[in-house]
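Asks: Sharing a structure below in structure tokens format, with a few things to ask.
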Amino acid sequence: MSNFTFLMEANASERNIWLYRGRLFSFSIIFAFMVFGPFYRQVLGGKNDLFRRWSMFERGGLGVVEAIFRLHFSSGNEFELDRFKILGYENPYKAPINVRRIKGKSGLNEVVQKICATLGSDVDVRVTSRIATRKGWRQLDRGTKNACRESMRMEDPKEDEEGDLD
């Protein structure tokens with residue numbers, strides 16, 4: 001006779017209790033592993049490879065550019081531009097992905113060229129932009145020059161051998 005014959009002889013409600021307890025025990029073990037693992041590595045400084053460190057969205061935002069476009073007047077006044085409305089998208093979610101999420105310096109140059117083409121070549125559009133890297137945000141342009149006239153000479157940051165955007 002096996003050790004689990006009592007389950008076969010037990011009525012349905014007793015079997016359900018054992019199934020419930022088994023599921024609760026399994027869930028508790030998995031939950032403790034999920035919570036304690038990253039806590040052990042990152043807070044307590046543990047070195048055991050059984051527990052992974054917590055890394056959510058580790059590389060998802062690398063190369064994303066945050067940009068503010070401003071129309072600069074000769075009097076020194078500036079007016080912030082909404083790139084979506086300038087390019088004819090009342091709803092930003094209906095804009096193409098390369099306009100919604102600017103990736104890299106080349107993506108920024110594309111958007112600047114589209115804005116300049118829409119507004120005309122004689123306008124003074126200033127761009128303040130920064131790019132996301134593994135080490136944090138890095139300034140691309142401070143908005144001191146006319147982006148329509150000046151070619152943005154800074155090249156795309158390249159990944160180094162460690163996979164870090166410089």
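The values are calculated or read from the model by the stated rules, or taken from the named source; none is laboratory data. Bear in mind that the values here come from a model prediction, so they are computed numbers and not experimental data. Virtual Cβ from ideal backbone geometry, glycine too; neighbours counted across all protein chains shown.
Asks: Being closer than 30 Å to residue 144 by Cβ, in a loop (DSSP other than H, G, I, E, B), over 24 Å from the mean Cα position of the chain (by Cα) and modelled with pLDDT of 90 or more: is that true of residue 76 here?
Replies: no
Asks: Still on this structure, I have one more. How many residues, within segment 117-136, are modelled with pLDDT under 90, among the β-branched types (Val, Ile, Thr) and farther than 14 Å from residue 86 by Cα?
Replies: 1
Asks: Also: Of everything in segment 79-96, what is part of a strand (DSSP E or B) and either aliphatic (A, V, I, L, M) or under 16 Å from residue 117 (Cβ atoms) (or both)? Give them in sequence order.
Replies: Matches in segment 79-96: 81 only.
Asks: Another question about this same structure. Kindly evaluate residue 127 against the criterion of being more than 14 Å from the chain's Cα centre (by Cα) and either assigned to a helix (DSSP H, G or I) or among the aliphatic types (A, V, I, L, M) (or both).
Replies: Criteria met by residue 127.
Asks: Go through (1) crowded, with 17+ Cβ neighbours inside 10 Å; (2) out of contact with any Gly (no Cβ under 6 Å at 6 or more places or on another chain) for residue 63 and report which single condition fails.
Replies: (2)
Asks: Would you say residue 13 is hydroxyl-bearing (Ser, Thr, Tyr), under 30 Å from residue 141 (Cα atoms) and without any contact (Cβ under 8 Å) to a residue 60 or more places away in the chain?
Replies: Taking the combined requirement at face value, the residue does not satisfy it.
Asks: Quick one: how many residues across segment 97-124 are part of a helix (DSSP H, G or I), in contact (Cβ under 8 Å) with a residue 24 or more places away in the chain and over 14 Å from the mean Cα position of the chain (by Cα)?
Replies: The total comes to 12.
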